[in-house]
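Remarks on the structure that follows.
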Amino acid sequence: MKKDHIEYLNIAKGILIILIVAGHANGPYRNFLYLFHVAAFFFISGIFYKDSYVKTPFIFIWKRIKSLYIPFVAYVTGFVLAHNFFVYIGFFNREYGYNEGRSVAYNMVETIRHILNAFTFGITEQFLVPMWFITSLFTIQMLMIGLDVLLEKIAPKKKESTRLVVISLCFAAGMLLTHFNLDL
């Protein structure tokens, strides 16, 4: 990708981040911003995905582990360790907490359980709920590299069209699950 294209994409990503923050601020344009801002963020992230990653999938996976997974686990661990402090200073309490069970101080066993939960992309801390997109982005990127490696082996000449069909079917399945209020 050309250097000036990357600059424009980074500017677009920055604007989208501002729009995401504005949407979460419950302003007057919230409903409008929710129509596209998260989808556009994932779309731009997808633009940076290169077909050449299929040649070195383990390098790609390791980069994503370093850039998404390890920071996620570190942030969750830090916030779990700070949880009791937040309870102590009144940020978390039974009346205003994210979840009544999470608005009280953790004992040692609960603290360890919540930290271990981070290793499976679990979010237990209310300040980290907005990080749901990290788990989604990581999952989608791992599925994409897996799909590309598989298609490179079984149908290299029809890779693009097969990928389009698979992604379209996944999209349709997601729409149906959402329509019928079914969660995975």
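The values are calculated or read from the model by the stated rules, or taken from the named source; none is laboratory data. If you're wondering where the values come from, they're calculated on a predicted model, not measured in any experiment. As a convention, Cβ positions derive from the backbone with ideal geometry for all residues, glycine included, and neighbour counts pool all protein chains shown. Areas reflect the complete protein model, heavy atoms only, side chains present, ligands, DNA and RNA absent. Shrake-Rupley method; radii C 1.70, N 1.55, O 1.52, S 1.80 Å.
The simple spin-label model puts a point 7 Å past each Cα toward its Cβ; for Lys63 and Ala12 those points are separated by 1.9 nm.
Any idea what angle helix 108-118 forms with the longest principal axis of the chain, computed on alpha-carbon atoms, 0 to 90 degrees, nearest 10? In the chain, helix 108-118 runs at an angle near 20 degrees to the longest axis. When the alpha carbon coordinates of segment 53-92 are projected onto the principal axes, the ranges are 51, 11, 7 Å, largest first. In segment 1-58, the ratio of gyration radius to Kirkwood radius, Rg to Rh, stands at 1.12 when only Cα atoms are counted. The Cα atoms of the chain define a convex hull whose projected area, averaged across directions, is 13.9 nm². Ordered by 1.4 Å accessible area with all protein chains kept, Glu110, Glu152, Glu7 run largest first as Glu7, Glu152, Glu110.
Taking all protein chains in place and a 1.4 Å probe, what share, in percent, of the accessible surface of the chain do carbon and sulfur account for? Using a 1.4 Å probe with all protein chains present, the chain comes out at 69 percent carbon and sulfur.
Taking 1 over the mean of 1/r across every pair of different Cα atoms in segment 126-184, what Kirkwood radius in Å do you get?
13.3
Based on C-alpha pairs under 8 angstrom that are at least 6 apart in sequence, the chain has a relative contact order of 17 percent.
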